[in-house]
Amino acid sequence: FNSLGVGTAASTTAGEIRATNNITAYYSDDRLKTRLGSIENALDKVMSLTGFYHEANETAQALGYTPVREVGVSAQDVQRVMPEVVAPAPIDPQYMTVRYERMVPLLIEAIKELKAEVDLLKSKKN
């Protein structure tokens, strides 16, 4: 078995997991959390990141990845602004991966900072 299908057939891609419904991990319930503070300077953090197109290079191909056009960010860049979002890559722990779903709080706070700036500009205009 090189792949896993939950509610669907497994693919022929080694290491791939497919599901036909939601995948739930971790927890979000506020009753299970001790808050440690807000994400500060979220917009500056987002602005330091670059989204880009990429494909697997020779090293990645040697690890089993296929060179197809993808979109992503650099784990090294993300690690500089939010190290909690970066984890060892499952293919080999010497490499890093981004847990993209955990970037959502940063994006929410950045949008809120932008909204505050827009509101301030609108109030100065009136």
Worksheet, complete the sentence: Between (1) 26, 16, 13; (2) 34, 20, 15; (3) 42, 18, 8, the structure-derived semi-axes √(5λ) of the Cα gyration tensor in Å is (2)
Worksheet item: Hey, got a sec? Which GluC sites (Glu not before Pro) in segment 1-96 land in a DSSP loop and have at most 11 other Cβ atoms within 10 Å?
Response: GLU40
Worksheet, complete the sentence: Restricting to aspartates and glutamates and to Cα separations under 18 Å from LYS125, and discarding same-chain partners fewer than 8 apart, the set is GLU117
Discussion item. Less than 26 Å apart at the alpha-carbon level, and either on another chain or at least 8 residues along: which lysines does that give for LYS33?
Written reply: LYS45, LYS112
Fill in: Net charge of Cβ neighbours under 10 Å - reference SER38; Lys, Arg +1; Asp, Glu -1
0
Discussion item. Using +1 at the C-beta of Lys and Arg and -1 at the C-beta of Asp and Glu, which of ALA42, TYR100, ALA10 has the Cα lying farthest in the positive direction of the dipole of the chain?
Written reply: ALA42
Discussion item. So, for the chain, what is the accessible surface per residue at a probe of 1.4 Å, expressed in square angstrom?
Written reply: 82
Item to complete: Specify the angular offset, from 0 to 90 degrees and rounded to the nearest 10, of the alpha carbon long axis of helix 104-125 from the longest principal axis of the alpha carbons in the chain.
Response: 30
Practice prompt. Report the label-to-label distance for LYS115 and GLU70 in nanometres (one decimal), using points 7 Å from each Cα along the Cα→Cβ vector.
Written response: 3.3
Discussion item. On a straight-distance basis, which aspartates and glutamates could pair with LYS115 in a cross-link, Cα separation under 20 angstrom, same-chain partners fewer than 8 positions away excluded?
Written reply: GLU40, ASP44
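In nm, what is the difference between 0.36 nm times the number of residues separating TYR100 and SER38 and their Cα-Cα distance?
Details: separation 62, 0.36 × 62 = 22.32 nm, distance 1.89 nm.
Net length gain for the segment: 20.4 nm.
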Discussion item. So if I place +1 on the C-beta of Lys and Arg and -1 on the C-beta of Asp and Glu, and nothing else carries charge, what would the dipole magnitude of the chain be about its Cα centre? I want it in debye, nearest 20.
Written reply: 500
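The values are calculated or read from the model by the stated rules, or taken from the named source; none is laboratory data. Since this is a predicted model, take the numbers as computed values, not measurements. Glycine also receives a Cβ, built like all others from the backbone with ideal geometry; neighbour counts cover every protein chain displayed. Each accessible area value is taken on the protein alone, full model and side chains, heavy atoms only, with ligands, DNA and RNA left out. Shrake-Rupley method; radii C 1.70, N 1.55, O 1.52, S 1.80 Å.
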